[in-house]
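The values are calculated or read from the model by the stated rules, or taken from the named source; none is laboratory data. The structure presented is a predicted model; accordingly, all values stated were derived computationally and were not measured. All Cβ positions, even for glycine, are placed from backbone atoms using ideal geometry, and neighbour counts span all protein chains on display. Heads up: the accessible areas ignore ligands, DNA and RNA and are worked out on the full protein's heavy atoms, side chains in. Shrake-Rupley method; radii C 1.70, N 1.55, O 1.52, S 1.80 Å.
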There are 2 protein chains.
Amino acid sequence: MSESIRLFEVEMNIGEIARRAGVARSTVSYALSGRRPVSPATKRRIQAVIDEIGYRPHAAARALKEGRTRAIGLVIPPASLLLTDMQLGFVASVVEAAAHADLDVLLSPSGGDHDRSFERLISGRRVDGVILMEIRLEDERVTRLQQAGLPFVTIGHTARPQGTCWVDVDYATLVARCVHHLADLGHRTVALINRSTELVAAGYGPAHRAQAGFAEAVRRRGLSGMNVPCADNPAAGEECFEQLRERHGEITGIVTVNEAALPGIQRGIERAGVAVPRELSIAGVAARHWAEGFRPQLTAADVPTLEMGTHAVDLLLERIATPDGAPRHLLLAPPISLRDSTGPAPAR
Amino acid sequence: MSESIRLFEVEMNIGEIARRAGVARSTVSYALSGRRPVSPATKRRIQAVIDEIGYRPHAAARALKEGRTRAIGLVIPPASLLLTDMQLGFVASVVEAAAHADLDVLLSPSGGDHDRSFERLISGRRVDGVILMEIRLEDERVTRLQQAGLPFVTIGHTARPQGTCWVDVDYATLVARCVHHLADLGHRTVALINRSTELVAAGYGPAHRAQAGFAEAVRRRGLSGMNVPCADNPAAGEECFEQLRERHGEITGIVTVNEAALPGIQRGIERAGVAVPRELSIAGVAARHWAEGFRPQLTAADVPTLEMGTHAVDLLLERIATPDGAPRHLLLAPPISLRDSTGPAPAR
DNA sequence: TTGTAAGCGTTATCAT
DNA sequence: ATGATAACGCTTACAA
């Protein structure tokens, strides 16, 4: 439209700055990086030129010379699978934390037929490190990254996580705590609404660990318990709840790790006219936002997605700085927030 | 752990390939790009070496030489605001479409205090083009991009979109269609549950256009209608619905563009024991996934996020290829899918 | 059909 | 305190 369109179409490289300021290119570079003293006078002169034409160093040139990109990769599940709120929370917090450290984030959908994208990231040296989400117990992306020698951190952990860097939430412990909480309230028959059969079959850690923690706690407390798989969507949650009521009316306590099914569970409860927590108690693991949206508000371990994303970035930065340092990890077991969905077991 | 860790730690550049294959560097380059004929024999020899040591060209070096990065930027709302499902749909489909075109996607949260991230993308020439989400009627990011001369496409459009490239859904038309649909069914008093007051104040296009389309259609059909702002979350939706019932019991039809409020609206309906569509009809604009999750399923214009994201990428690629071509845009008005939430107005 | 060499914009190592 | 210059790994015009 106006002349302003071409305002910044001037050559804009360090040589041009040097020319206009009447100094050598290296001087400009040093003035910017501060890696060698530059007299205040020339520094001012250079800065003036830079401000005038709005110069910023060319990322690719810098990356080529320095051997690092100042960018990290974030590998997410493919778009075909809708992201859950929790996964979304991770993405958001990683992007946030990265921005805070002046890092750019390259998104890479994996699985599906998108291996090319992942491979570009790795072998094209587009990033200094990678954060991997939705880890499987056996995960080939992890082995690919270790053989490539690229620093990485996983959100979630594999079956044998020794030697890798990760942050995760301790599903086994959290689910166990929920069971203990229900047992303390006098419940004797409880169910776990878990993630989908497919995920379990695919070796998805959280589903496995939830199941294990549940089984162990049920055994310890001498309860009778059942594990129910449920797909990650409201409709499945509703159906799952109805079947549970129909076939196992004796159940008085439910534990769930299936955040996406919650709205369906809630609908099931309301349609069945079940009073929570008088007739039925529910506890679970979910993002706070979901727990508070549930009616009545859900007694749950709130998954600290923000904290986890931030930590993942911190760990990655550490790993990039010292690739041979001892790999650290973080297993979070946030406390259960007592809300309104659990209460004493109904008298027989 | 094992020796495999250092497997790919060898020098891996085009010169090394050339050396091992016994040809010149340029020959390797040409063999890869196909920009000049290479004899089958040497081509095979080169490919063998490449396969053996797993070579991929260094992205930064290529970007520096070619002057383009093969990456695009996707500017999203800051993490502080939870992304709605529709926004998430855009992100997913853009990433998907970009991957399909062998493009990487750099994520940049904007707004908040994240201008540095945005600025890095632009002036650091990290990307060949940008897709901008959540456009305001007056949007400084747009002007920044035009003065930088960087190709961009917006999802949504500004108040004066001439000369820019965009894809958007035609909220005015869609909301008007909903009103007409309700009017055809005999409804005389209708309400629009819009987005939040803050968004309207901030000059958020969809909210403005929904309001305008609603007002116009109501006028044309001689209905009485009211516009109700509502924050983007279930709790606000529920409260909004309750207030509507309380203060305006005469309303028999509701139109909503507030996807995130839907679960709350549904809860409100169920708690109030209102029969939909016998006593109250609801129509709206939402992602199909939400419309089908509503009970009863929501009569709604399904926002084709997948299609929009794909088109945005296509337009951007076109713009990158011919920056001075006439800017094109796409204003989508998908048909309303008749589902179960609308019916004849109740007899007085 | 293939090889040689220049140059993209930086940073870093020499000098001065 | 500053300047010239050599890389970084790639593409491509120019020679052969």
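Calculated accessible area for the range A:24-95 comes out at 51 Å² per residue, all protein chains present (probe 1.4 Å; ligands, DNA, RNA ignored).
The portion of the accessible surface of the range B:171-304 made up by carbon and sulfur, rounded to a whole percent, is 50 (1.4 Å probe; DNA, RNA and ligands excluded).
For residue A:22, the distances from its label point to the matching points in the remaining copies are 5.9 nm, ordered from shortest, with each point set 7 Å beyond Cα toward Cβ. Taking amide H as placed 1.01 Å from N in the peptide plane, the amide H of residue A:283 sits under 5 Å from that of A:254, A:255, A:256, each at least 5 places away or on another chain. Each copy carries residue B:202; placing its label point 7 Å along the C-beta direction from Cα gives inter-copy distances of 3.3 nm, listed from smallest up. Note every residue of the range B:40-76 with a reduction of at least 40 square angstrom in accessible area, all protein chains present versus the isolated chain, computed with a 1.4 Å probe, or write none. For the range B:40-76, once contacts with the other chains are taken into account, B:56, B:58, B:59, B:60, B:64 lose 40 Å² or more. About its Cα centre, what dipole magnitude does the range B:59-185 give when the only charges are +1 on Lys and Arg Cβ and -1 on Asp and Glu Cβ, stated in debye to the nearest 20? Approximately 560 debye in magnitude. Considering only B:170, B:184, B:314, the Gaussian network model of chain B with Cα springs below 10 Å gives its largest mean-square fluctuation to B:184. Size descriptors for chain A (Cα atoms only): Rg and Dmax, in that order, 26.2, 91 Å. Isolated cysteines of chain B, defined as having no other cysteine beta carbon under 4.7 Å away, are B:165, B:178. Label-point spacing at residue B:40 relative to the other copies reads 7.4 nm, in ascending order, each point sitting 7 Å out from Cα along Cα→Cβ.
Per residue of peptide B:116-128, the mean number of Cβ atoms on other chains within 10 Å of the residue Cβ is 5. Size descriptors for the range B:161-217, from the alpha-carbon set: Rg then Dmax equal 13.0, 42 Å. Shown for chain A are the DSSP H helices of 18 Å or more along their axis, judged by Cα atoms, with a mean Kyte-Doolittle hydropathy of at least -1.0: A:40-53, A:85-100, A:171-184, A:205-220, A:305-321.
Around the Cα centre of the range A:171-304, unit charges on the Cβ atoms of Lys, Arg, Asp and Glu (plus for the first two, minus for the last two) sum to a dipole of about 380 debye. Each of B:98, B:334, A:276 was scored by the projection of its Cα onto the charge dipole of the protein assembly as shown, and the greatest displacement toward the positive side belongs to B:98; charges sit on the C-beta of Lys, Arg, Asp and Glu. The calculated Kirkwood hydrodynamic radius for the range B:49-132 is 14.3 Å, given to one decimal from all distinct C-alpha pairs. A Gaussian network model of chain A, with springs between Cα atoms under 10 Å, assigns the largest mean-square fluctuation among A:91, A:105, A:38 to A:38.
With a 10 Å cut-off around each Cβ of A:136-149, the average count of Cβ atoms from other chains is 2. Here the dipole of the protein assembly as shown is about 1760 debye; that uses its Cα centre as origin and unit charges on the Cβ of Lys and Arg (positive) and Asp and Glu (negative).
In this view, the solvent-accessible surface of residue B:120, computed with a 1.4 Å probe and all protein chains in place, comes to about 30 Å².
Within the straight-line cut-off of under 13 Å between alpha carbons, the aspartates and glutamates reachable from residue A:43 are A:51, sequence neighbours fewer than 8 places apart in one chain being disregarded. Counting only the Cα atoms, the range A:3-66 fills a convex hull of 84 Å³ per residue. Per-residue mean of foreign Cβ neighbours for A:94-106 is 5 (Cβ atoms of other chains, 10 Å radius). For the range B:222-348, the pair-distance distribution built from all alpha carbon pairs, in bins 5 Å wide starting at 0, is 2, 10, 18, 19, 16, 10, 7, 6, 5, 4, 2, 1, 0 percent. In the protein assembly as shown, taking the dipole from charged Cβ atoms about the Cα centre, the farthest positive-side position among A:345, A:84, B:114 is held by B:114.
Heavy atoms of the protein chains alone define the surface here; on that basis the range A:171-304 has 38 Å² accessible area per residue at 1.4 Å probe size.
Leaving ligands and nucleic acids aside, the B/A contact buries around 5100 square angstrom of accessible area in total at a 1.4 Å probe radius. Taking A:18, A:212, A:326 in turn, the Gaussian network model of chain A (Cα-Cα springs below 10 Å) assigns the largest fluctuation to A:18. DSSP assigns beta bridges within chain B; of those with both partners inside it, close to 10 percent run antiparallel. Directionally averaged projected area (the protein assembly as shown, Cα convex hull): 36.0 nm². Within the set of other residues whose C-beta is less than 12 Å from the C-beta of residue A:319, count the net charge using Lys and Arg as +1 and Asp and Glu as -1. Surrounding charge for residue A:319 is -3. DSSP assigns beta bridges within the protein assembly as shown; of those with both partners inside it, close to 10 percent run antiparallel. In whole percent, and with a 1.4 Å probe on the protein chains, what portion of the accessible area of the range A:3-66 is carbon and sulfur? For the range A:3-66, the apolar C and S fraction of the accessible surface comes to 51 percent.
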